[in-house]
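Structure, as structure tokens:
The values are calculated or read from the model by the stated rules, or taken from the named source; none is laboratory data. The model shown is predicted, which means the values in this text are computed figures rather than measured ones. Neighbour counts are summed over all protein chains in view; Cβ atoms, including those assigned to glycine, are modelled from backbone coordinates with ideal geometry.
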């Protein structure tokens with residue numbers, strides 16, 4: 001599953017450009033919400049909850065974590081199920 005969700009946009013001159021969209025998933029009852037008690041890495045959380053470190057970007061995107069790979073202590077994060085992330089990306093790509 002690609003972390004890039006490119007959307008084509010055109011400027012006034014008709015030149016095509018692409019922007020990357022962030023994942024936007026509303027909270028759901030099956031989301032896991034945790035408070036980080038000591039600094040933790042996004043890839044370790046992705047491995048723990050999704051079975052692969054490659055989905056670290058999904059946790060970062062959904063929780064508006066930018067510019068760091070380490071989540072500081074006392075941060076509360078939401079972790080949706082892997083199937084919800086996959087479905088969202090597939091739905092987004094199908095509408096293009």
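Of everything in segment 47-64 that is at pLDDT 90 or above and not in a helix (DSSP H, G or I), the residue that is farthest from residue 30 (Cα to Cα) is 52. Residues considered: 76, 5. Of these, the only one that is in contact with a strand residue (DSSP E or B) (Cβ under 7 Å, 6 or more places away or on another chain) and modelled with pLDDT of 90 or more is 76. Each residue in segment 29-46 was checked for being assigned to a loop (DSSP other than H, G, I, E, B) and touching a helix residue (DSSP H, G or I) at 6+ places or on another chain (Cβ under 7 Å), and 0 pass. Confirm whether residue 96 is in contact with a strand residue (DSSP E or B) (Cβ under 8 Å, 6 or more places away or on another chain), modelled with pLDDT of 95 or more and either outside any helix (DSSP H, G or I) or buried (at least 18 other Cβ atoms within 10 Å of the Cβ) (or both). So residue 96 fails the test.
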